[in-house]
Amino acid sequence: MQLNRYFLTLGNFWKRHQHSLAASSIAFSMSIGVLGLRGAGGFQALDLKSLDYLFRLRPTESVDDRIVIIEISESDIQRQGKWPWSDRLFADLVDKISAAKPISIGIDKILDLPSGEGRKELIAAIKAAGNVVNVTVLAETGKQGISLPQDLADVSQAGFANLPADSGSLIRRAILAVDEGSFPLLLAEMYLEKKANMPIKFDRELVRFSVGDRVIPRIRSNYGGYRNIDSSGYQVLINYRGKEGSFKHISAVDLLQGKIDPARLHDRIVLIGVTAISIKDSYPSPFSTEDEVMYGVEFHANIASQIISAGIDHRPFIDVWSEEWEAVWIILWTIAGGAISVLTRNVIINWLILTGLVLTLGGSVTFAFMLAWWLPFFPAVIGLVGANVLVTAYEFSQEQADRKLLTGLFSRHVSKELVDVIWAQREQFIKEGRIAGQEVYVTVLFTDMRNFSTFSEKQQPAETLILLNEYLGAIASVVLQHGGMVDKYIGDAVMAVFGVPIPHDLEQDRSKDAQNAVMAAVEAAKQLIEMNKHRIAQGLPQVVTGIGINSGMVIAGSLGSEERLEYSVLGDAVNVASRLESLNKEADGGAYHILISQETSRRLDDKFEVEFVGDFALKGREAETSVYRVLDVKDRTIKLLDEMN
């Protein structure tokens, strides 16, 4: 029993809040779908493209003059007339740089094998400098690693130069360490220790690097827009200072020829690297276009720069929120998309607000990136727009269902113009899939054919049906013409109501409804008189009708099952109108056979000729009812009613 009560309560709650619950379910389902697709990597390509775009949107940062690149460009190779350069030439280059007393010298060229003459001179130059870092290559799947030869290992440090590439060989990440430190990490470490007495710390328990008061955020398998990537080693996002050429470049040949002031290299990190187009050591970066690439030495410069800047300048590393907070972010934007669809029925306004939210989302993500936070854009915007579109589609389908409900209930009873008005004010009618009950003041009109049984006996069924349709059509026509609603046909009887389905609260509107009802009754009676003239001429019996009209409070709403609903009114005022119509058999309703109640009579404002008939005890009522008959319309009434309508 309690279980049944629970399900009944749950069902009632669903009916009361069906609209909001359905929209919430759509938004929630959209959120789950977006999060699931993101978890499967469905947004990774878009998220990474958005990261590239954010880099390009960010204002250009100042040049980090703590790092200088001695470049071996295409021009330098041509000026020397050969490649690869000999060890002696590199020895001269190291000597020139060392004489300027830099903090460290990084050689971004594999020197595993002797090249030409001068190997011993190269070893001696590196040993004399005492601050040289050479590069190695870690072994990767399908690729053999390259270690530093013993002669160089004895006189210099070494760090690996591997850069993890994303799709399209684009470089967005750096590996700072595996079992050994990377090339740029060692260079940055030497600079920070000598210039700022700031070591790069590694917490073995927490497995994290830190520099100064900043933790270096480590890329995980699922990190920002990355999904299910190989995150081996200590990987970080590269916080680029700008596009290629963002660091100071000095020609290696100019340096060898003494054309460079040594002060430009003093107390700096000096990187030696190849920037020649013919030597393949370049990759696309977030700033690259089709023809633009960044050279390997520039990637290392950016990585070293971001570590040094974090320690000395407090420049932040690019970080992301936890997966939980990113999920909350996406869900909130998705809910927002569904909410504006529910709260704004106007399609244009909905799309304007949606556009504003998309721009706000884009602005928020951009602003966050300026603060070094990479937030999800595409999952959030797809959730936002997707939820809005789906909820709007649901709203449209519900609107169509509501329109079908309203037009199905009212199109047979009221004029098309009134149906349109009802639709425009549908919120006050529809509740839980049916027309909500309302207590309203109306004027009810009943009419019934007096001699219908006689016709039925003397005519063929088809002839009777023709007569009935002609009679009912005439009644319905004048009712609709005067703003009334044909409530129902009951055999040869018609019930019409004035004042619904749009309720009238003002007294003048209620009086207008009563006057329209009486006017419709008079015109219907006159049409029957004309109809009877033709029938008499054809030798057919006359049609005699009785009309009863009463005004008062009723309950208006939809009646019936979900399969078959009808709009109608119920109440004592309806019963009185029906009894007044029947009273025509006993009391004289005048030439038009129209009997009205005192309540209706007092609302006619002297627009009709009315006579008091008497007080009658109507069936089902204890108190007597004052009854009046309508004789006709006063001359000015038709004009006044036309103006009112």
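The values are calculated or read from the model by the stated rules, or taken from the named source; none is laboratory data. Just so we're clear, the structure is a prediction, and the values are computed from it rather than from any experiment. Please note: Cβ atoms are built from the backbone with ideal geometry, for glycine as well, and neighbour counts cover all protein chains shown. Quick note on the areas: whole protein, heavy atoms, side chains included, nothing else; ligands and nucleic acids left out. Shrake-Rupley method; radii C 1.70, N 1.55, O 1.52, S 1.80 Å.
Among residues of the stretch 179-216 being within 45 Å of the chain's Cα centre (by Cα) and aromatic (Phe, Trp, Tyr), the one that is surrounded by the most Cβ atoms within 10 Å (Cβ to Cβ) is PHE209. With the requirement that a residue be part of a helix (DSSP H, G or I), of a type in the set (Ser, Thr, Tyr) and at pLDDT 80 or above, what does the stretch 449-504 give you? Those that are part of a helix (DSSP H, G or I), of a type in the set (Ser, Thr, Tyr) and at pLDDT 80 or above: TYR471, SER477.
Results for (1) crowded, with 24+ Cβ neighbours inside 10 Å; (2) in contact with a Ser or Thr (Cβ under 9 Å, 6 or more places away or on another chain), shown as yes or no for each residue.
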{"residue": "GLN481", "(1), (2)": "no, yes"}
{"residue": "GLY484", "(1), (2)": "yes, yes"}
{"residue": "LYS488", "(1), (2)": "no, yes"}
{"residue": "GLY491", "(1), (2)": "no, no"}
{"residue": "MET495", "(1), (2)": "no, yes"}
{"residue": "GLY499", "(1), (2)": "yes, yes"}
{"residue": "HIS504", "(1), (2)": "no, no"}
{"residue": "LYS512", "(1), (2)": "no, no"}
{"residue": "ALA521", "(1), (2)": "yes, yes"}
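Of the residues making up the stretch 58-105, those that are part of a loop (DSSP other than H, G, I, E, B), among the charged types (D, E, K, R), under 24 Å from ASN131 (Cα atoms) and open to solvent by 40 Å² or more (accessible area, probe 1.4 Å) are ASP65, LYS101. For the stretch 24-42, taking the residues that are open to solvent by 10 Å² or more (accessible area, probe 1.4 Å) and of a type in the set (A, V, I, L, M, F, W, C), the one that is farthest from TYR223 (Cα to Cα) is identified as ILE26. The criterion of at least 1 residues that are without any contact (Cβ under 8 Å) to a residue 60 or more places away in the chain and more than 22 Å from ALA524 (Cβ to Cβ) is met by the following strands (runs of 3 or more DSSP E) wholly inside the stretch 551-634: 565-570, 608-616, 625-633. The condition (being aromatic (Phe, Trp, Tyr) and at pLDDT 95 or above) is satisfied by just one residue among PHE28, PHE90, PHE7: PHE90. Restricting the stretch 290-347 to residues that are of a type in the set (Asp, Glu) and open to solvent by 40 Å² or more (accessible area, probe 1.4 Å) leaves a set whose member that is farthest from VAL135 (Cα to Cα) is GLU324. Screening GLY548 on (1) under 60 Å from the mean Cα position of the chain (by Cα); (2) small (Gly, Ala, Ser); (3) open to solvent by 10 Å² or more (accessible area, probe 1.4 Å) shows it passes everything except condition (3).
Checked against (1) surrounded by fewer than 17 Cβ atoms within 10 Å (Cβ to Cβ); (2) farther than 25 Å from LEU480 by Cβ; (3) β-branched (Val, Ile, Thr), VAL613 meets all criteria but (1).
Taking every residue in the stretch 278-289 that is open to solvent by 20 Å² or more (accessible area, probe 1.4 Å) and pairing it with any residue that is of a type in the set (Lys, Arg) and not in a strand (DSSP E or B), at least 6 positions away or on another chain, the pairs with Cβ-Cβ distances below 7 Å are PHE287/ARG56; PHE287/LYS243.
Evaluated against (1) part of a loop (DSSP other than H, G, I, E, B); (2) buried (at least 18 other Cβ atoms within 10 Å of the Cβ); (3) out of contact with any Leu (no Cβ under 9 Å at 6 or more places or on another chain), LEU113 falls short on exactly one condition, (2).
Only one entry in GLY118, GLY145 is out of contact with any strand residue (DSSP E or B) (no Cβ under 8 Å at 6 or more places or on another chain) and modelled with pLDDT under 95, namely GLY118. Considering (1) modelled with pLDDT of 90 or more; (2) farther than 30 Å from GLN257 by Cα, the lone condition that ALA23 does not fulfil carries the number (1). Filtering the stretch 219-260 to residues that are farther than 21 Å from SER62 by Cβ, charged (D, E, K, R) and either open to solvent by 50 Å² or more (accessible area, probe 1.4 Å) or touching a residue at least 60 places away in the same chain (Cβ under 8 Å) (or both) leaves ARG220, ARG227, ASP230, LYS259.
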